[in-house]
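None of the figures in this text is laboratory data; all of them are computed from the coordinates on show. Predicted, not measured: the structure shown is a model, and the values here were computed from it. Because the Cβ atoms are built from the backbone with ideal geometry, glycine has one as well, and the counts that use them run over all protein chains shown.
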């Protein structure tokens, strides 16, 4: 049929674009407007082949083949089909598995079934050479597109280039319609100030006794990845940037570390603690409870986790959401929510606060800071897992992502609480 098909190796296209615009192939160094990119691919393919577009196939890797936020957005776009291979980590480097095999299979099937007259390949992988040759034997014209190389050299297999019927280069001008290099300032994007007591605790040095105790006696089940995070500005950074912001040799403070710091004196961190003053320590420990660190939760009231009745009975988002709202939420997740951990926490909190009918619930929740009630916290992390925010090992969310998710949650709760108590306009 007189139609064209575009097969895109996303790893090649975006990696080469990152090299061209940011100086390194890491896709984390660029931002991509996928809607503009798809439209540009379609327009150029139809113009150069002089054939209407049948479909764009987007081939990419994903951990455990679980669609990431960008894949969810792409696969609901008109004339776009997403095919995912595995993304595995070996020796500290990510590698795609099965993507070239999937492209080869699609290429040969399209040609064998005479589904199109022209195929555009956006790739540099020489493993596709047999598929390209097979397509030509079935009478299909193969157009090979390259991304302009950062060093002016080839970034495609020479054999692939030699076998293609037509060759084009996607230059910097074309690429920058939809792709931009991220600005690296070395500083996290500013966020509203965290609650003063947590900001002070996080900025204080760990006491030697608390650091030693944490290093020797911290139980494996109370790993930092299982604890609620603070609302510190680390929430909006990438995991690597957040790690750099943590003082060397400290790691992320544990609930036990924070409780020890808070109990150093009634005047705040760094103040002397009067001998035998157990009350101040008790108050600090009670303040710094964490939903998943059960050993630090005071018992004797509320549910089995020690939560007071008014907190234990807070409704979950699922209980507050109708079938129609659930459908709308999924549409928003696919088309609007980018998947940044901080943003995910904000979206979840926004939906929860918008749907509660009794403002008392919001007041009860706010007084629990920094501890998110167990039921809501579990629901929040399950929601975050939809966006691929897993460390891809034992199905755990990355430690810093957990901090950011919960920080985003509390930032939204703070904003809504402030709005509830704001005086009426003049």
Next item on the list: Which order do the peptides 355-361, 12-18 take when ranked by the mean count of other beta-carbon atoms within 10 Å per residue, highest first?
Entry: 12-18, 355-361
Margin query: Can you sort 30, 334, 119 from fewest to most other Cβ atoms within 10 Å of each residue's own Cβ?
Written below: 334, 30, 119
Notebook entry, point to check: Once both labels are modelled 7 Å past Cα along the beta-carbon direction, what's the residue 39-residue 115 spacing in nm?
Noted result: 2.6 nm
Margin query: From the gyration tensor of the Cα coordinates in the stretch 81-138, what semi-axes in whole Å does the equivalent ellipsoid have, largest first, with each one equal to sqrt(5λ)?
Written below: 26, 12, 9
Checklist line | Evaluated over the stretch 4-181, the Cα radius of gyration and Dmax, each in Å | finding: 15.2, 45
Item checked: residue 322-residue 159 FRET efficiency (beta carbon distance; Förster radius 51 Å; 0.05 resolution) -> 0.35
Next item on the list: Please list 73-79, 371-377 highest first by mean number of surrounding beta-carbon atoms within 10 Å per residue.
Entry: 371-377, 73-79
